[in-house]
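What follows is calculated from the coordinates using simple rules that are stated; it is not laboratory data. Just so we're clear, the structure is a prediction, and the values are computed from it rather than from any experiment. Virtual Cβ from ideal backbone geometry, glycine too; neighbours counted across all protein chains shown.
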Amino acid sequence: MSNNKLRGKDLNKIGYDNDVSRSVAITTALRHLKHSKKEEILSLFQKIKESPEEYLFDGILGTLANTFVVKNKMKDFTSYNLLEETGLLKIYGGKGIEPEAKRQMETAMSLPVSICGALMPDAHSGFGLPIGGVLAVENAVIPFGVGLDIGCRMALSVYEVPEKYIAHHHFELKTALKEFTHFGMDGALGFAQDHEVLERNEFRQTELLKKLHGKAIRQLGSSGSGNHFVEFGVIELHEANTLGIPAGSYMALLSHSGSRGMGAAIAQHYTRLAMEVCKLPKQAQHMAFLELSSAEGQEYWMSMNLAGDYAKACHDRIHINISKAIGLKPLVKVENHHNFAWKEILANGKEVIVHRKGATPAHKGELGIIPGSMTDAGYLVCGKGAPESLNSASHGAGRKMSRKKAKESITASSLKKMVADAGVTLIGASPEESPLAYKNIDEVMQAQQSLVDVHGRFIPKIVRMNKE
């Protein structure tokens with residue numbers, strides 16, 4: 001950036017009118033953005049000024065974003081101790097779950113509002129509640145118990161065409177995935193999208209949602225990064241499946257993504273608020289909760305539900321766009337949330353808030369999709385309604401290797417060979433999402449036989465993901 005040096009006057013032009021913001025911006029540019037063009041940096045810095053809450057948890061940009069957050073007067077807060085005796089915790093497939101995930105779950109169980117919990121066999125450590133953690137609490141909601149990607153979702157469309165259709169129309173299907181999906185932290189589809197969720201009154205109820213409305217419009221119908229995907233494959237339906245479709249092999253479209261930047265901004269904003277009003281010991285601070293009877297709790301609940309509906313709207317557009325592109329109409333569509341909180345009644349009649357962070361709802365008779373990896377099978381399941389699991393099941397195979405470790409130990413060429421050997425066409429993706437980074441999906445399914453019945457098996461064939 002030597003011939004493109006960022007100066008104070010450049011920042012003045014985009015509204016950086018205080019010394020602290022200008023100083024932090026220049027330092028950030030010099031240390032972390034020296035290979036970027038000045039125009040790109042200024043564009044990014046302007047976005048940070050306009051929507052600082054979206055960048056507060058960013059390891060590089062968070063300090064700059066924090067200079068634009070309006071510091072409220074000190075809120076009244078309550079300090080809580082953790083419980084010494086906790087409620088019932090049921091762990092499934094415990095031998096395959098890392099100790100850190102179990103420790104995080106035990107911390108969650110010690111919250112003063114916790115009633116009972118369960119840990120799914122795909123569990124691994126996360127922020128706050130571990131991925132695969134299910135927690136029932138009384139009259140409260142925990143933003144980081146829901147997670148950053150609020151309402152992250154699976155959706156499966158089944159088409160009335162046989163398995164061989166994929167081989168005969170491979171180019172057409174691959175082109176549809178390339179042209180009618182978009183992946184990444186930012187950006188959008190290259191053509192306008194519409195959905196009734198964008199007209200929801202909630203977008204006018206809080207200052208945060210007002211700010212996020214434009215982003216929601218732009219990102220509708222797109223997908224995130226990481227393990228999000230849209231893929232064509234073959235669904236092998238079993239006899240007497242609850243879809244009402246004859247047993248056999250059909251082409252299907254499977255998608256996995258959530259509420260995009262909108263959900264992340266809501267999670268970050270209300271986690272900060274929760275940590276201001278709910279003081280917990282250091283090891284539990286990210287599990288700060290909001291009482292549902294509080295104004296902040298009601299705001300979060302409303303925003304979370306809107307984000308969940310927005311995630312569904314994104315899947316609606318993905319499946320509509322791709323179905324239209326290939327000229328086929330689905331026979332049936334199956335969907336389910338994870339990363340969400342629901343009001344539910346326990347077997348003893350007590351009303352609780354059930355948080356499922358990376359866990360699939362599995363009430364008796366409830367359909368869901370549990371994916372494997374880009375080469376491993378996923379499963380169409382029907383819940384058994386097991387009370388000990390809080391009517392839950394895993395949301396996938398679960399990571400056995402962190403993204404950092406996968407990136408360091410798996411090469412792009414080895415991933416390419418592995419995928420080709422499995423007969424899968426891969427568009428995008430990175431070694432971080434290699435099948436080697438995930439647990440064995442069949443072992444995970446074996447560990448939760450008491451939670452779900454399998455009604456079908458999905459085999460990926462053409463997979464589209466974000467290229468990191």
Hey, can you list the DSSP H helices of the chain whose Cα span along the axis is 30 Å or longer and whose average Kyte-Doolittle score is at least -1.0? 295-326
Cross-link pairs beyond the 19 Å C-alpha cut-off, checked among LYS5/LYS38; LYS49/LYS211; LYS95/LYS407; LYS312/LYS333; LYS174/LYS333; LYS174/LYS405: LYS95/LYS407; LYS174/LYS333; LYS174/LYS405
Farthest toward positive dipole pole in segment 2-66 [+1 Lys/Arg, -1 Asp/Glu at C-beta], among SER51, SER36, GLY62: SER36
What percent of all Cα-Cα pairs in segment 284-408 falls into each 5 Å bin, going from 0 up to the bin containing the maximum distance? 2, 8, 13, 17, 19, 17, 13, 7, 3, 1, 0
MRE, 222 nm, helices only [DSSP H, n ≥ 4, -39500 (n - 2.57), over the chain, to nearest 500]: -10000 deg cm²/dmol
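I'm checking a number: the convex hull volume of the Cα atoms of segment 179-329, normalised per residue, in Å³. What is it?
Cα-based convex hull of segment 179-329, divided per residue, equals 171 Å³.
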Which one of ILE322, SER21, ALA447 has its Cα pushed farthest toward the positive end of the charge dipole of the chain, where Lys and Arg give +1 and Asp and Glu give -1 at the Cβ? SER21
Any chance you could tell me what percent of the C-alpha pair distances in segment 84-135 go past 19 Å? 15 percent
Among (i) 81, 46, 41; (ii) 96, 62, 39; (iii) 68, 57, 46, which one is Cα extents along the principal axes in Å computed from these coordinates? (iii)
Which FRET efficiency, nearest 0.05, do ILE245 and ALA167 yield, Cβ-Cβ r, R0 22 Å? 0.55
Over the Cα atoms of segment 2-161, each weighted equally, I'd like the Debye log10 I(q)/I(0) at q = 0.11 Å⁻¹, rounded to two decimals. -0.71
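Report, in debye and to the nearest 20, how large the dipole of the chain comes out about its Cα centre when Lys and Arg carry +1 and Asp and Glu carry -1 on their Cβ.
1520 debye
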Counting each pair of different Cα atoms once, what's the Kirkwood radius of segment 2-66 in Å, rounded to one decimal? 11.7 Å
Please tell me which of these pairs span more than 23 angstrom C-alpha to C-alpha: LYS282/LYS350; LYS178/LYS329; LYS9/LYS37; LYS364/LYS400? LYS282/LYS350; LYS364/LYS400
